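The structure appears right after this line, and notes come after that.
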Amino acid sequence: MIQLPASYQEYLAGKSESFINTVRPILMQSAADKTHGVRVVVHPHDHQAHLDGTIPFGTVVEDID
């Protein structure tokens, strides 16, 4: 089982279940490859997350759309 880095666990702390369900699969993918960080794009009614090669592994960056 893939273990999320502490920084990702801290990022998820206090977030809603729906937010976690959206973002966690990408965090798990990042933890599996240990190469890229994660960018979370905040839209008015939802969120999207994707791996980002410009962000170091273990880092989450939020952007507003």
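Apply the Debye scattering formula to the chain, with a single equal point scatterer on each alpha-carbon and no solvent, then give log10 I(q)/I(0) at q = 0.15, 0.29 Å⁻¹.
Those come out to -0.40, -1.42, one per q.
May I ask you to compute the full-extension gain from residue 42 to residue 21, defined as 0.36 nm times their residue separation minus their alpha-carbon distance, rounded to one decimal in nm?
Working: separation 21, 0.36 × 21 = 7.56 nm, distance 1.46 nm.
Gain on stretching residue 42 to residue 21: 6.1 nm.
Order 29-38, 54-63 from most to least packed using the mean count of other Cβ atoms within 10 Å.
Top of the packing list down: 29-38, 54-63.
Report, in degrees rounded to the nearest 10, the 0 to 90 angle that the Cα long axis of helix 17-33 makes with the longest principal axis of the chain.
The angle comes out near 30 degrees.
Which value in deg cm²/dmol, rounded to the nearest 500, describes the helix-derived mean residue ellipticity at 222 nm for the chain, given -39,500 (n - 2.57) per DSSP H run of n ≥ 4 and division by the residue count?
Working: 2 runs with 24 residues, N = 65.
Value at 222 nm, helices only, nearest 500: -11500 deg cm²/dmol.
Can you give me the relative contact order of the chain as a percent, contacts being Cα pairs under 8 Å and 6 or more apart?
Details: 104 pairs, mean separation 21.2, N = 65.
The normalised contact order for the chain reaches 33 percent.
Provide the per residue accessible area, probe 1.4 Å, for the chain, rounded to a whole number of square angstrom.
Working: 4080 Å² over 65 residues.
That works out to 63 Å² per residue.
Tally up the carbon and sulfur contribution to the accessible surface of the chain as a whole percent, 1.4 Å probe, everything protein left in place. Don't jump to the answer; show the numbers that get you there.
On the way: 2160 of 4080 Å².
Ligands and nucleic acids excluded, carbon and sulfur give 53 percent.
The values are calculated or read from the model by the stated rules, or taken from the named source; none is laboratory data. Just so you know, these numbers come straight off a predicted model, no measurement behind them. Methodologically, a virtual Cβ is constructed for each residue, glycine included, from the backbone with ideal geometry; neighbour enumeration extends over all protein chains shown. For accessibility, only protein heavy atoms count, side chains too; no ligands or nucleic acids. Shrake-Rupley method; radii C 1.70, N 1.55, O 1.52, S 1.80 Å.
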